[in-house]
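Taken together, the values in this text are just the output of simple stated rules run on the coordinates, not laboratory data. None of the values given here were measured: they were computed from a predicted structure. Every residue, glycine as well, gets a Cβ built from its backbone with ideal geometry; the counts of neighbours run over all protein chains shown.
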Amino acid sequence: MKVFKLYLLTILTAFSFGQIDDGCDLPDLNLYITPEGSVLYNSSEAIGGFQFSVDGVTASGGSGGDSAGAGFVVSAGGSTVLGFSFTGATIPAGCGTLVDLALDGEATGLSGIVISDASGLAINFSYYVEIEDVAGCTDSGVDLNGDGDYIDDGETPQACNYDSEATLDDGSCEYAEENFDCEGNCLVDVDCAGECGGSAIEDQCGVCNGDGDCSLPENGCELPSNNLYLALDGSVLYNSSENIGGFQFIVDGSTVASAAGGDAAGSGFTVSAGGSTVLGFSFTGSTIEAGCGTLTELTLNGESSGLSNIVISDPSGSAIDFSYYEFCASGIYDCLGECDGSAVEDCAGECEGSAVEDECGICNGDGPEENFDCDGNCIVDTDCAGECNGSAVEDCAGECNGSAVEDCAGECNGSAVEDCAGECNGSAQEDACGDCNGTITDSANCFDTNAIWIEWNEAGNLDVNMYNEDAVAGFQFNLTNVNLSGAAGGSAVDAGFTVSTAGTTVLGFSFTGGTIPAGNGLLTELTFAANEGEIESCLESVVISDASGGQLVFELGNAAGDGACAIVATLAGCTDELACNYNSSANEDDGSCWYVGVDNDYCDCDMNVNDCLGECGGVAVEDCAGVCDGASVEDCAGVCDGAAVVDCAGVCNGEAVVDDCGDCDGNNAAQDCAGVCDGAAVVDCNGDCDGGAVVDCNGDCDGGAVVD
């Protein structure tokens with residue numbers, strides 16, 4: 001980077017630490033301890049608890065301040081200070097004195113700061129250190145508007161090493177060199193000599209800072225074949241491989257006053273010029289013979305830059321491919337005819353072709369076969385099967401490409417193997433965690449990081465278990481859907497911790513600075529009452545700190561991923577997912593589970609049975625002949641497909657029948673003498689049905705005696 005220094009000074013950075021007398025002078029979310037032991041604070045969030053270490057001294061007690069006003073319990077032991085509320089009270093958001101400490105000297109600061117909100121979540125607090133002056137480069141540019149807003153105006157640049165945090169200029173500013181930025185990038189044009197902002201230019205010959213002497217052609221015979229060139233004196237030089245029957249071209253950058261002389265005049269050509277166009281031809285059909293020289297001499301009105309639109313024809317009027325000669329100072333042309341061009345012929349003779357010689361010298365060849373030289377010789381190892389670079393090897397039994405291998409004891413095709421400890425035929429085995437010769441049998445105890453989890457025990461309490469790789473100095477967490485009533489036992493009690501519960505919150509710490517050593521087991525056992533209608537409780541807002549007050553990272557759940565939540569109430573029912581009456585909400589089996597085909601004839605959980613065709617819930621049955629879904633039925637005498645029927649009197653195979661009047665076994669008694677059911681016709685005394693003869697008073701049929 002092209003950067004120059006205005007001054008060479010030693011960079012000095014000055015720090016000074018000032019005393020804060022009021023917590024409201026602190027930035028948000030900061031603590032500060034005064035020489036007198038008062039811990040000042042400024043917090044935009046309500047504080048539910050705090051813990052920190054006092055540096056350089058020990059604390060024998062803590063009192064007063066807003067902690068006391070909020071009813072906090074503040075304990076101090078060694079260098080550790082802990083404040084919390086058994087009732088769930090908080091210190092409102094604000095500023096002032098958190099607590100006054102009794103110290104055995106003057107503290108140098110606070111560390112291991114852990115501040116939690118009302119729900120137990122950590123608040124990101126810092127210890128305040130005032131930095132008054134920082135020396136460095138303060139040149140940020142120029143204040144264009146007089147408002148303290150310094151910007152780079154392009155004339156008064158910002159220093160390359162401008163320090164936005166510096167408050168005291170130490171004269172160390174560095175600036176970019178003219179025409180460059182601070183990274184050394186050129187900000188202006190680069191001349192032909194590669195100099196940033198340089199003045200070098202190419203002359204007419206294309207030479208950087210050249211003198212303009214290009215050694216131009218002096219006669220047409222110096223030109224390539226079939227080329228024209230306009231000399232500085234107006235002579236049109238030519239070199240042609242064929243006889244010329246006529247020509248026409250345009251003079252670039254100038255106009256033509258006249259045209260005369262040259263081989264055109266010598267051949268009797270008429271040459272006319274109008275504006276910038278020149279035309280030459282012969283009325284007699286004569287030609288300019290193939291060769292080189294001066295075609296014609298022009299008088300120009302100003303300097304020309306060359307010729308264009310060149311048309312040269314042979315005696316028959318066919319065009320000859322002519323070009324205007326472009327001067328090449330180096331005299332080197334590529335295969336495309338371009339001066340100093342990069343085009344080259346490939347190995348096949350094609351200009352700018354892609355053909356290349358292979359390793360064997362063959363143009364566009366494929367090169368030697370892999371693993372062989374150009375003469376076909378194998379240049380790598382040959383395997384036991386004779387294949388060049390083959391993979392076949394002899395096994396331990398001497399067979400090429402055989403499968404026999406030596407075991408760890410050196411025996412060919414032996415069965416000895418190394419155990420997990422690397423011992424041949426050893427007995428060491430990996431435990432459930434994959435550790436060789438380990439003792440863990442349950443994969444749920446295989447941890448790779450700190451973890452905390454809960455389990456409902458047989459006594460109906462909640463076991464809080466912990467796997468910790470570092471010593472634990474304090475813990476706090478919440479449990480949902482329960483009302484906690486106490487805590488006992490576990491490693492917390494063994495370490496002399498005080499474990500308190502309130503509502504859903506658990507808090508554990510040591511007044512003496514004790515810690516729970518690294519280990520795996522029961523942290524504490526909680527008694528509780530589950531909230532009405534709730535059967536599950538989950539860990540939340542877990543904060544666990546080390547001996548220095550730093551927060552440790554813990555995963556929720558054991559190594560198997562279980563235990564972030566636990567059952568905390570009983571709901572009886574069928575708990576077998578395979579049972580027909582499975583209750584997904586039940587967590588205690590009441591023995592009510594029933595299954596298809598177990599102690600019943602049901603074919604599904606809807607209590608259907610198979611019919612005689614085997615269809616679950618079907619209606620097919622066997623008939624009296626034993627045919628499934630058959631049509632045979634028993635008669636009234638119990639005979640399958642029998643003819644016995646019940647008569648009208650209900651007697652099987654009886655003789656009673658219904659008479660003509662519809663009366664069962666009536667024998668037509670309801671008919672009169674005329675055969676009419678319930679008719680009025682009767683037989684008279686002469687024996688005639690419905691006759692008129694009657695017996696007279698003398699007893700004679702159809703007699704005439706009457707009573708006088």
* Please list the non-local residues whose amide H lies under 5 Å from the amide H of residue 642, H modeled 1.01 Å from N, same-chain partners needing a gap of 5 or more. => 635
* To do: Could you work out how far apart the two model spin labels at residue 577 and residue 604 are, taking each label as a point 7 Å from the Cα in the direction of the beta carbon, and quote it in nm?
  => 2.2 nm
* Asked: Residue by residue, what Karplus-based ³J(HN,Hα) values in Hz, rounded to whole numbers, does segment 305-321 have, using 6.51, -1.76 and 1.60 with θ = phi - 60° and x for Gly and Pro?
  -> 9, x, 10, 8, 6, 6, 10, 10, 10, 7, x, 8, x, 7, 6, 9, 6
* **Ranking of 72, 281 by count of other Cβ atoms within 10 Å, fewest first** => 281, 72
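What list do you get for 485, 67, 235 if you sort them by fewest beta carbons within 10 Å?
Least crowded to most crowded, the residues run 485, 235, 67.
For a test of the definition: using alpha carbon positions, the gyration tensor, and the 1.5 limit on a/c, classify the chain as rounded, prolate or oblate.
Taking the square roots of the gyration eigenvalues as a ≥ b ≥ c, the chain is oblate.
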* **Estimated inter-spin distance, residue 686 and residue 405, nm [label 7 Å along Cα→Cβ]** => 13.6 nm
* Amide H of residue 226: which non-local residues (sequence gap of 5 or more, or other chain) have their own amide H closer than 5 Å, using H built in the peptide plane? -> 239, 240, 241
* Structure fact -> Per DSSP, the loop-located GluC sites (Glu not before Pro) within segment 301-400 having at most 15 other beta carbons within 10 Å are 303, 326, 338, 350, 352, 359, 369, 370, 387, 399
* To do: For an R0 of 45 angstrom, estimate the FRET efficiency from the Cβ-Cβ distance between residue 24 and residue 457 and round to the nearest 0.05.
  => 0.35
* To do: Report the relative contact order of the chain, percent, no decimals, based on alpha-carbon pairs under 8 angstrom and at least 6 residues apart.
  => 7 percent
* Which whole-Hz ³J(HN,Hα) couplings does segment 92-109 yield from phi under the Karplus relation 6.51 cos²θ - 1.76 cosθ + 1.60, θ = phi - 60°, glycine and proline marked x? -> x, 4, x, 8, x, 9, 6, 6, 9, 9, 9, 10, 9, x, 9, 6, 8, x
* Report, by chain and number, residues whose modeled amide H sits under 5 Å from the one on residue 38, excluding near sequence neighbours (fewer than 5 apart, same chain). => 101
* Structure fact -> Relative contact order of segment 444-567 (C-alpha contacts under 8 Å, at least 6 apart) in percent is 38 percent
* Counting other Cβ atoms within 10 Å of each Cβ, which chymotrypsin sites (Phe, Trp or Tyr not before Pro) in segment 86-128 have at most 16 and sit in a DSSP loop? -> 86
* Asked: Taking neighbour counts of Cβ atoms within 10 Å as a proxy for exposure, in what order, fewest first, do 462, 279 appear?
  -> 279, 462
* Structure fact -> With only helices counted (DSSP H, runs n ≥ 4, each -39500 (n - 2.57)), the per-residue ellipticity at 222 nm for the chain, to the nearest 500, works out to -500 deg cm²/dmol
* To do: Pairs of Cα atoms under 8 Å, at least six residues apart: use those to get the relative contact order of segment 220-324, whole percent.
  => 38 percent
* Return the FRET efficiency for the residue pair residue 193, residue 352: r is the Cβ-Cβ distance, R0 is 35 Å, and the value is rounded to the nearest 0.05. => 0.70
* Among residues other than residue 504 whose Cβ falls under 13 Å from its Cβ, what is the net charge (Lys/Arg +1, Asp/Glu -1)? -> -2
* Asked: Restricting attention to segment 532-572, which GluC sites (Glu not before Pro) occupy a DSSP loop and are surrounded by at most 14 other Cβ atoms within 10 Å?
  -> 532, 534
* Structure fact -> Once phi for every residue in segment 255-270 is put through the Karplus expression 6.51 cos²θ - 1.76 cosθ + 1.60 (θ = phi - 60°), the whole-Hz ³J(HN,Hα) values, with Gly and Pro written as x, are 10, 9, 7, 6, 9, 7, x, x, 5, 5, 5, x, 9, x, 6, 8
